[in-house]
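Below is one structure, written out as structure tokens; comments come after it.
Quick note: the coordinates plus some simple rules give every number you see, no bench work behind them. Keep in mind that what you see is a predicted model, and the values were worked out from it rather than measured. Note that we place each Cβ from the backbone using ideal geometry, even for glycine, and neighbour counts take in every protein chain shown.
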Amino acid sequence: MPEIHAARRNALRALLDQDGLDALLVTDLVNIRYLTGFTGSNAALLVRTAGEDGTVFCTDGRYTTQSSVEVPDLERVLDRASANALVAKSNEHADRYRRTGFESQHVSVEQYETLKDLAEGVTFDRAPGLVERLRLVKDEAEVAALREACAVADRALADLIAHGGLRAGRTEREVARDLENRMLDHGSSGPSFESIVAAGANSAIPHHRPTDAVLAAGDFVKLDFGAVVDGYHSDMTRTLVLGEPAGWQRELYDLVRRSQAAGRAALAPGADVTAVDAAARTVIEEAGHGSEFSHGLGHGVGLDVHEAPSLSTTGVGTLSAGMAVTVEPGVYLAGRGGVRIEDTLVVRDGDPELLTLSSKELVVV
């Protein structure tokens, strides 16, 4: 998709021009993938504000063939010290790159000092978050990848349930491994993150890591997991019950489901991220469980599983059409159990597009 990556670089140039920069040295590999399509483990990119002439990509010899396929449309340099090599390249035509920005949020002080010492006639200015600003709003190619990543996770969960993968006697680790393998079988390149499988009292721990704890009849089982397709991550949580649920479990589940529905309904272009959080949080607070909803409502998702924006009480900004976010309220009763329900959605001009389609009815297995 060279044309898509070229369009993203052009959008970046508009931001560089606004900031009076002649170029941007991109060193974060996720941002490089966004701007070029390169998926290797070592690279740097020098984006010239004036255009593609003078925009240079660098990787090392391990990726000679791969980079020729993934980045066919840019001048290429092969050097292990990729960022250093691009600075040396800029010295050859310092008038083109006189004021060059760098991703200060991704560059250590030592790296900065090295780059500064290598530069001749080029000034390095802090330019944090420029590519991330572009990544906030997904283009339709990105949404398609997210949609498929969510579909893979949906299929894996359905497969797990249909084949008896959630049953008393299995351990949390066994279920997590089974679920991740099923995502691989359905087309994921890997899990979005270490899958959470939390049974019984462990379900009251928001980010519990799977253990050898054994699933038992009557347990809540909280599953938080995601698949990766073309580098894009899905994120979904479902909470199920092994056997007939108790009254308190039904009540708790219904509360979280109503909160989650309120959060989803609040997603709209122009909505303040704190207002979206409040829409869901108020439902839980009015039921007397505000202190047991201990995290933000959601976050952006894309090439990273956790991206801006933050839907939380401390979040900043408003939503725009095309943003991909999670909505994931939870209530956690220490020593008893907890419920979280999470979807990945895309903000649209009308209703948000729901990407995670697994049922949010209380599933009893």
What angle, in degrees between 0 and 90 and rounded to the nearest 10, separates the Cα long axis of helix 140-162 from the longest principal axis of the Cα atoms of the chain? 30
Here the alpha-carbon Rg of segment 140-354 over 2.2 N^0.38 Å rounds to 0.98
Around residue 75, which amide H atoms from residues at least 5 apart in sequence, or from another chain, sit under 5 Å from its own amide H, with H modelled in the peptide plane? 57
Where GluC sites (Glu not before Pro) fall in DSSP loop in segment 256-365, at most 13 other Cβ within 10 Å: 361
Sort 10-17, 203-210 for me by packing, meaning the mean count of neighbouring Cβ atoms within 10 Å per residue, highest on top. 203-210, 10-17
Loop only by DSSP, 12 or fewer other Cβ within 10 Å of the Cβ. Give me the chymotrypsin sites (Phe, Trp or Tyr not before Pro) in segment 71-136 that pass, ordered by residue number. none
With the calculation restricted to Cα positions, what are the radius of gyration and Dmax of segment 192-311 in angstrom? 15.5, 46
For segment 220-272 and segment 288-365, write down the distance between their C-alpha centroids in whole Å. 7
Find which of 161, 225, 323 sits farthest along the positive direction of the dipole of the chain, computed with +1 on the beta-carbon of Lys and Arg, -1 on that of Asp and Glu, about the Cα centre. 161
Using mean Cβ contacts within 10 Å as the protection proxy, how do 238-246, 167-175 order, highest first? 238-246, 167-175
With the calculation restricted to Cα positions, what are the radius of gyration and Dmax of segment 1-141 in angstrom? 13.7, 41
Going fewest to most other Cβ atoms within 10 Å around each Cβ, 135, 348, 155 line up as 348, 155, 135
Sorted by chain and then number, the residues having a modelled amide H within less than 5 Å of the amide H of residue 26, at least 5 places away or on another chain, are 45, 46, 47
Roughly how far apart, in whole Å, are the Cα centres of segment 2-66 and segment 143-176? 36
From the phi angles alone, apply the Karplus equation (6.51, -1.76, 1.60; θ = phi - 60°) to segment 20-34 and give each ³J(HN,Hα) in whole Hz, x where the residue is Gly or Pro. x, 9, 8, 6, 9, 8, 9, 10, 6, 5, 5, 5, 5, 4, 4
Measuring from its Cα centre, the chain shows a charge dipole (+1 at each Lys and Arg Cβ, -1 at each Asp and Glu Cβ) which, in debye to the nearest 20, is 440
Magnitude of the charge dipole, segment 211-282, Cβ model with Lys/Arg +1 and Asp/Glu -1, debye to 20: 260
Dipole of the chain (Lys/Arg Cβ +1, Asp/Glu Cβ -1, origin at the Cα centre): which of 150, 7, 47 lies farthest to the positive side? 150
Quick calc of log₁₀ I(q)/I(0), the chain, Debye, one scatterer on every Cα, no solvent, q values 0.06, 0.07, 0.13, 0.14 1/Å, result -0.27, -0.36, -1.00, -1.09
Taking the number of other C-beta atoms within 10 Å as the exposure measure, put 189, 68, 90 in order starting with the fewest. 68, 189, 90
If neighbour count is taken as other Cβ atoms inside 10 Å, put 27, 326 in order from fewest to most. 27, 326
Neighbour-limited loop hits for GluC sites (Glu not before Pro), segment 72-171 (at most 13 other Cβ within 10 Å; DSSP other than H, G, I, E, B): 120
Helix 247-265: inclination vs the chain longest Cα principal axis, degrees, rounded to 10, gives 30
Rounded if a/c is under 1.5, else prolate if a/b beats b/c, else oblate: with a ≥ b ≥ c from the C-alpha gyration tensor eigenvalues square-rooted, which is segment 91-140? oblate
